[in-house]
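Colleague: After the structure tokens below, expect a handful of questions from me.
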Amino acid sequence: MFNADHLATALRDRRYLRTTWPWRAAGYLSITGVIVLPLAFVLWLLLIPWLVAGRNLVHGTTPELVVLLLMALGAALIATFSPLVALPLAALERQRLRMIDARPLVAPHRISATNPLTLFGHESTWRAVLYAVVLALFAPPVLMLAGVLISLEATLLFSPWVAEWNLGDLTIEGGPASIPFTLLGIVLIPVWLYLIGGLAAVHGALARRLLGSGGDGLRDQLTEVSQSRARLADAFDAERRRIERDLHDGAQHRLTSLTLHLGMARLDLPEDSPAAAPLGQAHDQAKELMVVLRDLIHGIRPQTLGDVGLAAALWELAASSPVPVTVEAPDTIGRLPERVETTAYFVAAEALTNVARHAHATSAQVRLTRSGDGVVLEIQDDGRGGADPAAGSGLTGLADRVAAADGRLLLASPAGGPTLLRVEL
């Protein structure tokens with residue numbers, strides 16, 4: 001089964017001639033000819049003064065004033081109005097490209113309705129202008145050559161039915177004597193179909209290169225991948241909050257009630273009763289389980305993080321660390337987007353856990369600072385260093401979590417220390 005998703009792939013398959021790809025390529029080039037004729041006419045009309053001035057310079061004469069004025073007018077018109085022509089042409093080309101390329105080609109940017117002048121500041125606008133200029137300059141002669149070749153092919157195919165035809169030193173006289181020319185035309189059909197396909201593929205590649213988000217559409221695909229990854233991270237955070245809420249509002253309250261009832265029964269039961277010891281043991285285990293459940297809920301999403309913010313949660317995290325930790329988190333940072341706060345908190349928690357387990361450190365520092373529209377979190381310790389993401393230290397998972405929040409993680413951990421983990425969100 002033939003499943004090529006674009007013409008360039010189809011051309012490399014031996015079944016190309018038995019598919020619809022050659023005719024789709026021919027239709028694509030035919031529509032190109034219809035589009036490019038008025039565009040080329042206007043552009044060449046504006047370029048005439050420049051051609052006249054160039055001819056004058058070649059002959060050693062100075063261009064006349066009217067020619068210079070027309071040159072300036074043409075340049076001003078191209079600079080001012082070319083985006084207004086090129087952008088609709090680019091939008092049409094992205095739709096038309098589906099004839100020969102099923103891969104999506106997304107517009108690199110959208111024009112602001114409140115300030116349309118911003119389109120002049122986009123690189124993609126001028127790439128669209130470049131595409132329009134290249135199309136207007138080179139498409140007409142290429143399509144004219146293709147038209148001549150098609151006419152030659154038609155002449156060869158129908159040579160027995162045409163009158164005398166001179167092709168340079170070769171003369172086609174018509175009639176049965178021209179049957180060899182018809183056979184030659186039949187043999188050349190695959191050549192012309194491949195030529196048409198190659199020409200359309202080159203045009204499509206140029207369009208994809210200039211009209212996409214920086215080239216071959218890879219950036220569009222990566223954008224969608226990162227958006228999907230962010231949505232997945234948000235879904236995990238929402239599910240974690242649901243579990244934390246169910247544990248806090250359901251299991252913890254019921255366990256608290258059970259512990260209270262066990263304590264009351266323990267008070268009412270005589271100490272010399274055979275059930276006193278098992279009841280006391282059950283009461284103690286229930287209290288221990290409350291501590292475990294509280295720590296579990298706190299690990300899912302600390303209440304301080306949701307109620308007060310990241311800075312307070314970092315202070316609380318430092319207070320519970322077995323390694324002495326100092327925190328620098330000014331109150332002026334304020335509240336941050338939930339994804340940023342959650343990511344930063346769990347990165348700090350995992351990093352401090354690694355410090356306590358592996359670094360052999362005597363102290364650590366946590367610094368939270370503003371950086372433009374985002375924040376920077378740094379965790380530094382005075383341990384032995386040598387942290388290696390490939391050694392299963394959890395750094396790879398941290399990097400994945402940071403990347404899902406559209407940030408990046410940097411690590412400096414020379415042998416002998418110190419280790420600095422920097423997260424930019």
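Colleague: Exactly one of (1) modelled with pLDDT under 75; (2) open to solvent by 50 Å² or more (accessible area, probe 1.4 Å); (3) not β-branched (Val, Ile, Thr) is unmet by Leu395. Its number?
Modeller: If we test Leu395 against (1) modelled with pLDDT under 75; (2) open to solvent by 50 Å² or more (accessible area, probe 1.4 Å); (3) not β-branched (Val, Ile, Thr), just (2) comes out false.
Colleague: Is it the case that Asp272 is outside any loop (DSSP other than H, G, I, E, B), at pLDDT below 75 and either of a type in the set (Phe, Trp, Tyr) or not assigned by the TED database to the domain that holds Arg335 (or both)?
Modeller: Answer is no for this residue.
Colleague: Please indicate, with yes or no, whether at least one residue in the stretch 416-425 is open to solvent by 50 Å² or more (accessible area, probe 1.4 Å), within 20 Å of Trp315 (Cα to Cα) and touching a strand residue (DSSP E or B) at 6+ places or on another chain (Cβ under 9 Å).
Modeller: Yes, there is a match, as at least one residue in the stretch 416-425 is open to solvent by 50 Å² or more (accessible area, probe 1.4 Å), within 20 Å of Trp315 (Cα to Cα) and touching a strand residue (DSSP E or B) at 6+ places or on another chain (Cβ under 9 Å).
Colleague: Just wondering, is there one or more residues in the stretch 362-375 that are open to solvent by less than 30 Å² (accessible area, probe 1.4 Å) and over 14 Å from Val423 (Cα atoms)?
Modeller: Checked the stretch 362-375: at least one residue is open to solvent by less than 30 Å² (accessible area, probe 1.4 Å) and over 14 Å from Val423 (Cα atoms).
Colleague: To continue, here is another question. Restricting to the stretch 243-263, give me the number of residues that are surrounded by 11 or more Cβ atoms within 10 Å (Cβ to Cβ) and either more than 53 Å from the chain's Cα centre (by Cα) or modelled with pLDDT of 70 or more (or both).
Modeller: 7
Colleague: Among the residues in the stretch 198-218, are any open to solvent by 70 Å² or more (accessible area, probe 1.4 Å), at pLDDT 75 or above and part of a helix (DSSP H, G or I)?
Modeller: yes
Colleague: Which residue pairs have Cβ atoms closer than 6 Å, lie 6 or more positions apart in sequence or on different chains, and pair a first residue in the stretch 73-96 that is farther than 27 Å from Ala205 by Cβ with a second residue that is open to solvent by 30 Å² or more (accessible area, probe 1.4 Å) and assigned to a helix (DSSP H, G or I)?
Modeller: Gly74/Leu46
Colleague: With closer than 22 Å to Ala405 by Cα, in the same structural domain as Ala405 (by the TED database) and among the aliphatic types (A, V, I, L, M) as the only criterion, which of Val323, Val366 stands out?
Modeller: Of the residues listed, the single one that is closer than 22 Å to Ala405 by Cα, in the same structural domain as Ala405 (by the TED database) and among the aliphatic types (A, V, I, L, M) is Val366.
Colleague: Tally up the residues in the stretch 352-387 that are in a loop (DSSP other than H, G, I, E, B), within 12 Å of Pro324 (Cα to Cα) and of a type in the set (A, V, I, L, M), please.
Modeller: Residues flagged as in a loop (DSSP other than H, G, I, E, B), within 12 Å of Pro324 (Cα to Cα) and of a type in the set (A, V, I, L, M) within the stretch 352-387 amount to 1.
Colleague: Give the number of residues within the stretch 137-170 that are open to solvent by less than 90 Å² (accessible area, probe 1.4 Å) and modelled with pLDDT of 65 or more.
Modeller: Count: 19.
Colleague: For residues in the stretch 5-45 being hydroxyl-bearing (Ser, Thr, Tyr) and touching a residue at least 12 places away in the same chain (Cβ under 8 Å), which is most open to solvent (accessible area, probe 1.4 Å)?
Modeller: Ranking the candidates gives Thr19 first.
Colleague: Looking at Ile78, is it surrounded by 12 or more Cβ atoms within 10 Å (Cβ to Cβ) and modelled with pLDDT of 75 or more?
Modeller: It is false that Ile78 is surrounded by 12 or more Cβ atoms within 10 Å (Cβ to Cβ) and modelled with pLDDT of 75 or more.
The values are calculated or read from the model by the stated rules, or taken from the named source; none is laboratory data. Keep in mind it's a predicted model, so treat the numbers as computed, not measured. No Cβ is skipped: glycine too gets one built from the backbone with ideal geometry, and neighbour counts run over all protein chains shown. Only protein heavy atoms, including side chains, enter the accessible area calculation; ligands, DNA and RNA are left aside. Shrake-Rupley method; radii C 1.70, N 1.55, O 1.52, S 1.80 Å.
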